[in-house]
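Notes to accompany the following structure.
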Amino acid sequence: MRIKLLDFNMAYSEAGSGIPLLFIHGYPLNKDIWAPQLKGQVGSTRVIAPDLRGCGESQATPAPYSMDLLADDCIAFLEALKITQPVVVCGLSMGGYVALSLARRHASRLAGLILNDTRAGADSPEAKAGRQRSVDVVRAKGVGEIVEGMLPRLLAPSAYNDNPALVQQLRAIMESSSVEGLAGILLGMKDRPDSTPVLPGLRLPALVIHGTEDQIIPLSEAQAMQAAIPGARLAAIHAAGHMPNLEQPELFNQAVREFLQSL
Ligand code: MLT
């Protein structure tokens, strides 16, 4: 499905009815990563999964895309869908940076926050330089090098070695990324603010979910966020890397269901 926002058309998938649950994908990914959650196993919810600006089937606009711009896009998207009640937002990795921006800028629109394999901190100077190199590579050579460099790190080693269907599914998702979309996201992540100081002031139910074998963002980041957010809980998903919703969907969905029941 597609919906018109101010300066681009946003693609999205949706399923079910109940409390709105907004899933925000990571980089360089799209809404299709939420297939196991769109199957209706996260409780009585209206699951909504957009392709962020420039990702998947959503139109790209010229780079950069700040995390705040992407968060504002999510609010415009909810308004276009006429969803006025507060939503639970679940952001994976870069989607978590967007979710933290939503918590900072639009707290009254949120009923709960799920931070999934993400971190609160900003990029280090080295990471910023790496983002710029990636932008240069994408613009010079297309998305292939980024996809092949990232793919082995997205999954736990056992899933990467033993689940070729999942590896192929992720490769196809990543290869469908557009050059301008990836550049926009990379430049936005590079300049995102440090959200660590925001965490102790969050006044909404929060769940931190993290794969214990995440090779991109270590579990210690999740533990630090849980400790900093008042009342937050942590669900550590064993035998999962950066994508527990795909690697261990039953455990992931159960953690989300329990969180929703607690609201
Ligand atoms: C993601 O999965 O969204 C990215 O790995 C986040 C990042 O590069 O910081």
Of the numbered conditions (1) out of contact with any Lys or Arg (no Cβ under 9 Å at 6 or more places or on another chain); (2) within 13 Å of the ligand (Cβ to nearest atom), Asp162 satisfies every one except a single condition; which is it?
(2)
Answer with yes or no whether Leu92 is under 21 Å from Ala222 (Cα atoms) and out of contact with any Ser or Thr (no Cβ under 9 Å at 6 or more places or on another chain).
no
Among the residues in region 132-147, are any closer than 28 Å to Gln223 by Cα and either modelled with pLDDT of 95 or more or in a loop (DSSP other than H, G, I, E, B) (or both)?
no
Would you be able to tell me the number of residues in region 29-41 that are assigned to a loop (DSSP other than H, G, I, E, B) and either in contact with an Asp or Glu (Cβ under 7 Å, 6 or more places away or on another chain) or surrounded by 24 or more Cβ atoms within 10 Å (Cβ to Cβ) (or both)?
2
Could you tell me which numbered condition Thr212 fails, if it satisfies all but one of (1) over 24 Å from Ser66 (Cα atoms); (2) within 13 Å of the ligand (Cβ to nearest atom); (3) touching a His at 6+ places or on another chain (Cβ under 6 Å)?
(2)
So which pairs qualify, if the first residue must be in region 26-45 and free of Cβ contacts under 8 Å to residues at least 40 places away in the same chain, the second must be within 16 Å of the ligand (Cβ to nearest atom), the Cβ gap must be under 7 Å, and the two must be at least 6 apart or on different chains?
Lys31/His25; Lys31/Ala49; Lys31/Pro50; Lys31/Asp51; Lys31/Gly56; Leu38/Ala49
For the subset of region 54-70 comprising residues that are crowded, with 24+ Cβ neighbours inside 10 Å and within 15 Å of the ligand (Cβ to nearest atom), which member is nearest to Glu180 (Cα to Cα)?
Gly54
Looking only at region 1-13, which residues are assigned to a strand (DSSP E or B) and crowded, with 17+ Cβ neighbours inside 10 Å?
Met10, Ala11, Tyr12, Ser13
If I filter region 73-119 down to residues being buried (at least 19 other Cβ atoms within 10 Å of the Cβ) and charged (D, E, K, R), which single residue comes out as farthest from Ala224 (Cα to Cα)?
Asp73
Provide a single number: the residues in region 204-246 that are in a helix (DSSP H, G or I) and either over 15 Å from the mean Cα position of the chain (by Cα) or closer than 26 Å to Gly130 by Cα (or both).
11
Would you point out the residue of region 14-28, among those that are more than 14 Å from the ligand (Cβ to nearest atom), within 23 Å of Leu251 (Cβ to Cβ) and of a type in the set (Gly, Ala, Ser), that is surrounded by the fewest Cβ atoms within 10 Å (Cβ to Cβ)?
Gly18
Scanning region 165-192 for residues that are within 14 Å of the ligand (Cβ to nearest atom) and either surrounded by fewer than 17 Cβ atoms within 10 Å (Cβ to Cβ) or hydroxyl-bearing (Ser, Thr, Tyr) (or both) gives Ser177, Asp191
Please find, within region 60-118, the residue that is modelled with the highest pLDDT out of those that are among the hydroxyl-bearing types (Ser, Thr, Tyr) and closer than 18 Å to Ile48 by Cβ.
Ser101
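The values are calculated or read from the model by the stated rules, or taken from the named source; none is laboratory data. Since the structure is predicted, the reported quantities are computational estimates derived from the model, not experimental observations. Ideal geometry is used to build each Cβ from the backbone, glycine not excepted, and the neighbour counts take in all protein chains shown.
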